[in-house]
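Each value in this text was obtained by applying a stated rule to the coordinates, not by laboratory testing. None of the values given here were measured: they were computed from a predicted structure. We place every Cβ from the backbone using ideal geometry, glycine too, and count neighbours over all the protein chains shown.
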Amino acid sequence: MKISGNVHKYGSNVDTDVIIPARYLNVPDHAALASHCMEDIDAEFPKRVQPGDIMVADWNFGCGSSREHAPIAIKASGIAVVIASSFARIFYRNCINIGLPIMECPEAAEGIEAGDKVSVDFDSGEIVNETKGKTYHAAAFPAFIQDIINAGGLLNSLKARGLAE
Amino acid sequence: MGMTMTQKILAAHAGKDYVCPGELIEAKLDLVLGNDVTTPVAITEFENAGFTKVFDRDKIAIVLDHFTPCKDINAAKLSQQARNFAKKHQITNFFDVGTMGIEHALLPEKGLIAAGECCIGADSHTCTYGALGAFSTGIGSTDMCAGMASGRAWFKVPSAIRFYLTGELRPWVSGKDVILHIIGRIGVDGALYKSMEFAGPGVASLSVDDRFTIANMAIEAGAKNGIFPVDEKTVEYMKDRVSRPYTVFEADPDAEYEKTIEIDLSAIEPTVSLPHLPSNTRTVKEVSGMEIQQCVIGSCTNGRISDLRIAAKVLEGRHVADYVRCIVIPATQEVYMQALKEGLVETFIHAGAVVSTPTCGPCLGGHMGVLYEGERAISTTNRNFVGRMGHVKSEVVLASPAVAAASAVKGTICTPEDL
């Protein structure tokens, strides 16, 4: 599958408290979470973001709390993929589990700037910065994780394997 | 090739003789934990997926601690959803107002986690239980849901960094200063995806509470878990709490570590983390005189009885500075009761502090001490991210109970020796 969209760019150590502040965790409605996504570091994001847009960040994206509300807020904002130099581990798991596509690629994270138009091929891992004419390759997922993604998330994969009823 | 403690626990729970770093495994779980923020999301997933049964009602813990006693109508709805699920599935270890405490202080106290066990929790500070020689790690709501349904979780076996501790802590220096010092040295992603394994002769001098504090903040270095060897103090802690058999795992002498970092405990000074990252550390000396408007003493990091004893020792016969609010939050009912018996609560109230029922409350800007624009708190909690305790233009400085209490008295950041 191939997608393309405009980039929203952030720095290193973007934590889940700024992705979705705790004051909004009392309403786990997806659209409500999206309406406050990133607002503490980028107040305009909820208004600016368009379906299919791409989020790009530097190191350790999603650090901090385990709140799944964070990837849910990003996904419900319409973001099609998050590309970062690296992800915090709980956030990484949560994205795999809920089906928010993520890609680890330090070169792309460094080269891509806010407002660039970027296209991503999930099958090949190819990331193309169409604005700057540069191509990058993200690391492939291990087969075990790719199987979870292919099954449509963790819960579907458990059901398919008869491990829960 | 030998294995680390973490490798051994994961291998045992995956039914394997050996696991290597990077290997993806599925492990059996001894405990699955959630709170009032993360459990409702897991329950919705559980029901949407059409699951009807939990894998073992004795091996699930649901603790309503973040926004409780409920701060507003929406929070009350979340608690009710968790409460109804606990009733329906007869969850043995369900803790509501009256029995609840802050989850990571409560579960070890209740003996729900023991050495050698494997635990996941839908709260990032689940890594706390590594203090008892268990493998425990934070996960999200979907993993919690999967864990409740299947009793299993997938893990990438982490590589490890060994922290070799020597020496003994100086007076007024605690586990909090140790972990802030470490995070300051290695950074907020210094142990990303890895296990932080504590070892060396210095371990013996650390109290179990200090170990809880240190393991609790492993996540602030990006770690998957933090883990301590089991010694006499650990066994003593578990003696009257854990009645089931447990297994003590020891790292092999030829276990492989990515690196070893030596920490001389006697060289660590009272340390704080300035806004807005836990790695932004300074010694108290370097920031002495910085004004604060609020002091929070509590949380899963530092709300245990030993923390309150230290704070009371500092506040005894003294008074909180004018225009400073000091909020003390015992982490559990047992801690609260003990603090009452020892007269600590009286000391706090005489000193002009308030004492709250157990709650995570202000740590995440939930309630019971939210900050306004331009305000700064010194806090024994674990995160000082932008807007963490309230207004996006408020600030949190992380500190030990000794430094927080002393700063509340002076109104500026200092150690008890500066009073």
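What to note about this one:
- For the stretch B:1-28 versus the stretch B:333-361, the gap between their alpha-carbon centres in whole angstrom: 42
- Between the stretch B:389-410 and the stretch A:43-64, the alpha-carbon center distance in angstrom: 30
- Unit charges on C-beta of K, R, D, E only; dipole of the stretch A:1-96, Debye: 280
- Anisotropy class of the stretch B:136-283 from Cα gyration tensor, a/c 1.5 cut: oblate
- Point-to-point label distance, residue B:76-residue A:114, nm (Cα→Cβ direction, 7 Å offset): 4.1
- Restricting the stretch A:102-139 to trypsin sites (Lys or Arg not before Pro) in coil, as DSSP defines it, with at most 16 other Cβ within 10 Å: A:132
- For a paramagnetic label modelled on residue B:350 (point 7 Å from Cα along Cα→Cβ), amide N atoms under 19 Å away belong, within the stretch B:302-328, to B:308-322, B:326-328.
- Too-long pairs where the Cα-Cα distance tops 18 Å, listed order kept, from B:8/B:156; B:28/B:156; A:2/B:156; B:313/B:341: A:2/B:156
- Cα-Cα separations in the stretch A:42-127 greater than 18 Å, expressed as whole percent: 41
- Peptides B:54-65, B:229-240, ordered by how many other C-beta atoms sit within 10 Å of their residues on average, highest first, read B:54-65, B:229-240.
- Shown here for the stretch B:245-352: chymotrypsin sites (Phe, Trp or Tyr not before Pro) in loop regions (DSSP other than H, G, I, E, B) with at most 13 other Cβ atoms within 10 Å, namely B:323.
- Alpha-carbon Debye profile of the stretch B:167-245, log10 I(q)/I(0) at 0.15, 0.16, 0.21, 0.27 Å⁻¹: -0.55, -0.62, -0.97, -1.30
- The calculated FRET efficiency for the pair residue B:286 and residue B:185, based on their C-beta separation and a Förster distance of 22 Å, comes to about 0.90.
- log₁₀ of I(q)/I(0) at q = 0.14, 0.18 Å⁻¹ - the stretch A:2-42, Debye sum with one point per alpha carbon: -0.39, -0.59
- Computed from the Cβ-Cβ distance with R0 of 45 Å, the FRET efficiency linking residue B:239 to residue B:44 stands at 0.70.
- Across the options B:295, B:213, B:199, the greatest Cα extent toward the positive end of the charge dipole of the stretch B:187-326 (unit charges at beta carbon of Lys, Arg, Asp, Glu) belongs to B:295.
- Measuring nothing but alpha carbons in chain B and taking Rh as the Kirkwood radius, the Rg to Rh ratio lands at 0.96.
- Using the average count of surrounding beta-carbon atoms within 10 Å as a protection proxy, the listed peptides B:91-101, B:130-140, B:202-212 rank, highest first, as B:130-140, B:202-212, B:91-101.
- Whichever aspartates and glutamates have a C-alpha closer than 16 Å to that of residue A:47, once near sequence neighbours (fewer than 8 apart) are set aside: A:39
- The Rg/Rh ratio of the protein assembly as shown, with both radii computed over alpha carbons and Rh defined as the Kirkwood radius, is 0.95.
- Of all beta bridges that DSSP places with both ends in the protein assembly as shown, some 30 percent have antiparallel geometry.
- Unit charges on C-beta of K, R, D, E only; dipole of chain A, Debye: 320
- Largest-first ellipsoid semi-axes for the stretch B:38-174, taking √(5λ) over the Cα gyration tensor eigenvalues, angstrom: 29, 20, 13
- When +1 charges are put on Lys and Arg Cβ atoms and -1 charges on Asp and Glu Cβ atoms, the dipole computed for the protein assembly as shown relative to its Cα centre reaches about 980 debye.
- Chain B, relative contact order in percent, only Cα pairs under 8 angstrom and at least six apart counted: 18
- The stretch B:404-419 residues near the modelled residue B:322 label - backbone nitrogen below 18 Å, point 7 Å along Cα→Cβ: B:408-413
- For GluC sites (Glu not before Pro), the sites in the stretch B:327-419 that DSSP calls loop and that have at most 10 other Cβ atoms within 10 Å are B:373.
- Note on residue B:204 and residue A:30: the model spin-label points, each 7 Å out from Cα along the C-beta direction, lie 5.7 nm apart.
- In this structure, residue B:261 and residue B:84 have a Cβ-Cβ separation that, at R0 = 56 Å, corresponds to a calculated FRET efficiency of about 0.75.
- Residue order, fewest to most beta carbons within 10 Å, for B:5, A:103, A:55: A:103, A:55, B:5
- Kirkwood-based shape ratio for the stretch B:1-115, expressed as Rg/Rh from alpha carbons: 1.05
- The stretch A:8-151 shape via C-alpha gyration tensor axes, a/c threshold 1.5: oblate
- Just checking the listed ones, A:52, A:133, A:62: in the Gaussian network model of chain A with Cα springs under 10 Å, the one fluctuating most is A:133.
- Taking a ≥ b ≥ c as the square roots of the eigenvalues of the Cα gyration tensor, the stretch B:84-140 is prolate, since a/c reaches 1.5 or more and a/b is larger than b/c.
- Residue-count net charge about residue A:157 - beta-carbon cut-off 15 Å; Lys, Arg +1, Asp, Glu -1: -1
- Residue B:341-residue B:247 pseudo-label distance in nm [points 7 Å out on the Cα-to-Cβ vector]: 3.5
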